[in-house]
Structure formats: C-alpha cells, structure tokens
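The values are calculated or read from the model by the stated rules, or taken from the named source; none is laboratory data. What you are looking at is a predicted structure, and each value in this text was computed from that prediction instead of being measured. Note that we place each Cβ from the backbone using ideal geometry, even for glycine, and neighbour counts take in every protein chain shown. Note: areas computed on protein heavy atoms with side chains; ligands, DNA, RNA excluded. Shrake-Rupley method; radii C 1.70, N 1.55, O 1.52, S 1.80 Å.
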Amino acid sequence: MIRTRFTEMFGVEHPIVQGGMQWVGRAELTSAVANAGALGFLTALTQPTPEDLVKEIARCREMTDKPFGVNLTILPTLIPRNYDAYIDAIIGAGIKIVETAGADPRPYLPRFKAAGVKVIHKCTSVRHGLSAEKAGVDCISMDGFECAGHPGEDDVPNLVLLPAAANVIKIPMLASGGFADARGLVAALALGCEGINMGTRFMATAEAPIHRKVKEAIVAGDERSTALILRSLRNTSRVYGNSVAKHAIAMEHEGLGIKEIGPVVAGAKGRVVYETGDLEHGIWSAGTSMGLVQDIPTCRELVARIVREAETLIGGRLRAMVE
C-alpha cells in the first residue's frame, strides 16, 4: 500500500484521483472510482441546476459509502451559471471535498472552510499554485502542458513543472496531465507529488458514462492524437484532434475570433459526442496520455493494477538499482 500526505488528508486508500470532467463526472464513474479506493469527483456543471446536482450527489451515495467530492469549475460560459447556488448545493448536501478550477478560489474559500470542506485547487503554473496555497486551499492539483482541457498558457510539461512547484509549495500536491499508469504514479512521487490526477485514463473505463466508440478512440489514439485550440485567444484547450478541432484551428489562422469560433467549439456538442459516439460532431477533451491507454478495464481493475505495479517498481526495479 502506498501512503502519502494526500491519502491521509482525504481518507482514501490510494493516491489516485479522478478529476472533474464535463459530461463525464457522473455518479456511475465517481462511485466506481471511490469503491476502488481512489478519490472520484462529480462535475457540478454537468448538472443543469443546483437541484440536479443535489440529486446526483444522492445517487452517488446510493452507489458508494466511500469518500468522493464535487468539482466546481468557474469560467465564463455562454449560458451564465449561478455559482453561489451551486456552492450552496454542495455544502447543503454535506460534501466535504471540493475540487475548484478556473477562476481564483479566494472568493469562495471562506464558505467552504466554514462548512469544513477540504479544497483541492487545479493550477497550471507555480505562481498560481503559490497563490492558492497562500489563499488557504488544502491541496494543489498541478496540471502540466500534457493535460486535457485547459493547460494554461505557459506550455511547461510536467517533468519541469512538478519539481519546480514542489521546490516551493508546501501543501500536498497532485500531478495532473499525462498520467495513466504505474510508471506515471511512481514518477509523480519522485518529482515531489503526493499522488496523480487522471482524466483521460478514467474515460476509458467500463463505468465511464460515455459511448463505447469514444473509449475505443482513446485506446486507438496515441500521444499525437490531440489538438490545441483557441491558442490565439489565450484560452488554450487540448482536445481530441478530430475534423472539428482542425477546422477551429484553421479559423484561428484566418484571424477569426470567439464570436465566429465559439459556436463551432461549443461544449454542448461534446456532450452529443459522448452520448452518441459520433466522434466528429464536436470537440471533446482528451490528453496526450492517450498514448498510454491500451484497454478499457473496470475502475477497480485499473486502480488495483496501477498500485500493484507501482509497488513492484518501487520495491523491485528501482530498489535493485541502489547499491
């Protein structure tokens, strides 16, 4: 068993996290991750209203008695969201672990702290990690350039970003972006982290509530199968490199802005992809870790395999190298 400050702080068996993923972070996946001994997150904004989120939390509790959390990503959206109402719903439902992302968490921390909620904040740079630590979050999830979704604008990969952050950040830190197997977990621990946060890898599991064709595309893809869109708008997003992503990039090269590109890359189209398996209907998030995903196991099988192989690496191959 691998014990870290993260597992102790959050009361989970293994230092592995399924981070929040729009349209994917539902009760089926989150409960399966929790039952496997890892930490899963429901995605708040996948639910259309705060009331729906409360129902999804209750549904997840029917499937697991293990700890799980809720992700709340605060970013500009085409349809305005009442973030205060979502926070009320999270606290009112008795959730004690929240993953925040997007905007500065400081305006929301007092309410979470007053309710005894532990906060993991997603960052893409050392400076933002330090700011979040100073603000009072409990843990950092540091996203390197390899990650799906929003990798920030610094383009620093995890081999440099994580040890640079570990040099100065004192609270527990998770490694996120490009992690999918035991080798990644061991590397993250060696680089100064307390665990790993996986998104793309958990999408390709039996319990992930997305179409089988999407999971098969992740398995079939490799480390070159993603695309970076909205670079010219400084709102970079790493997605699966389908025809829609390529069209969006071409529009950027033409000098078009968010008014023209926005409808092409609308997140609601990604939901249709996940539901129907039509891989070309819209953009959908995927990370470079596709190059490491080779099967579609259950969450229990995946977590157990990662931990078992990590223990073998640490206690066998690496130890044998030390005289």
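Brief remarks on what is shown
- Residue-level check: of (1) out of contact with any Ser or Thr (no Cβ under 9 Å at 6 or more places or on another chain); (2) within 21 Å of P151 (Cα to Cα); (3) part of a helix (DSSP H, G or I), G192 misses just (3).
- So T205, is it surrounded by 19 or more Cβ atoms within 10 Å (Cβ to Cβ), polar (S, T, N, Q), modelled with pLDDT of 95 or more and closer than 21 Å to L42 by Cα: yes
- From the list N242, N235, N197, the lone residue that is buried (at least 24 other Cβ atoms within 10 Å of the Cβ) and in contact (Cβ under 8 Å) with a residue 12 or more places away in the chain is N197.
- Within segment 211-229, considering residues that are β-branched (V, I, T) and assigned to a strand (DSSP E or B), the one farthest from E254 (Cα to Cα): T226
- Helices (runs of 4 or more DSSP H) wholly inside segment 103-185 that include at least 1 residues being open to solvent by less than 40 Å² (accessible area, probe 1.4 Å), under 22 Å from A93 (Cβ atoms) and not acidic (D, E): 109-114
- Residue selected from segment 278-309 under the condition farther than 13 Å from A204 by Cα, out of contact with any Gly (no Cβ under 9 Å at 6 or more places or on another chain) and assigned to a loop (DSSP other than H, G, I, E, B), by the criterion least open to solvent (accessible area, probe 1.4 Å): L279
- Just one of the numbered conditions (1) within 30 Å of I296 (Cα to Cα); (2) in contact with a strand residue (DSSP E or B) (Cβ under 9 Å, 6 or more places away or on another chain) is not true of L230: (1).
- Check on A93, open to solvent by 10 Å² or more (accessible area, probe 1.4 Å) and free of Cβ contacts under 8 Å to residues at least 40 places away in the same chain: no
- Selection count, segment 278-323, where residues are of a type in the set (K, R) and either closer than 22 Å to M21 by Cα or within 18 Å of the chain's Cα centre (by Cα) (or both): 1
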